């Protein structure tokens with residue numbers, strides 16, 4: 001199995017997308033993360049759902065989790081207001097992990113190793129597009145799709161005959 005064969009179409013957002021819309025997209029489709037792309041559609045970052053959750057939790061509760069027990073339900077129901085007026089770029093971690101991009105010819109094991117190395121719930125599959133001769137810019141990247149950890153596990157377990165038939 002090659003990365004190009006495992007890649008599937010996947011939801012993307014831009015750095016300038018509305019954070020609340022991105023959170024809704026994650027929630028409605030039960031996505032482990034979103035792929036963040038630039039204006040040309042090239043992969044730029046991965047926004048894990050756990051990072052989006054972190055944006056909802058007040059800093060004082062992150063610093064002292066015991067305070068979560070004293071926040072009443074009325075206030076807890078308003079946590080999503082923390083996303084109002086924010087962009088996806090505001091939600092990305094300050095210390096961003098390297099963007100996991102697999103080459104279309106990478107094997108399933110290479111994809112798994114990349115995913116494990118950066119601890120990402122998904123990997124973008126993209127190919128380099130060479131720049132035209134004499135062009136000032138270097139080549140661009142064309143997104144082919146995404147491989148999620150759950151999809152990769154399913155394919156690896158299926159190939160090993162380890163999936164139950166129920």
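DSSP beta bridges confined to the chain are antiparallel in about 75 percent of cases. Between the Cα long axis of helix 108-118 and the first principal axis of the chain there is an angle of about 40°, rounded to the nearest 10.
Here the relative contact order of the chain, from alpha carbon pairs under 8 Å that lie six or more residues apart, stands at 29 percent. The angle between the Cα long axis of helix 149-159 and the main principal axis of the chain comes to about 50°, on a 0 to 90 degree scale.
With a simple spin-label model that places each label point 7 Å from the Cα along the Cα-to-Cβ direction, the separation between residue 51 and residue 28 comes to 2.2 nm. Per-residue ellipticity at 222 nm from helix content only, as computed over the chain with -39500 (n - 2.57) for each DSSP H run of at least four residues, stands at -9000 deg cm²/dmol.
Scaled to the globular estimate 2.2 N^0.38 Å, the Cα spread of the chain, given as radius of gyration, is 1.21. For the chain, modelled as a GNM whose springs connect Cα atoms under 10 angstrom apart, the maximal fluctuation among 87, 78, 119 occurs at 78.
Computed from the coordinates by the stated procedures, all read-outs in this text should not be read as laboratory data. This is a predicted model, so every value here is computed, not measured. We place every Cβ from the backbone using ideal geometry, glycine too, and count neighbours over all the protein chains shown.
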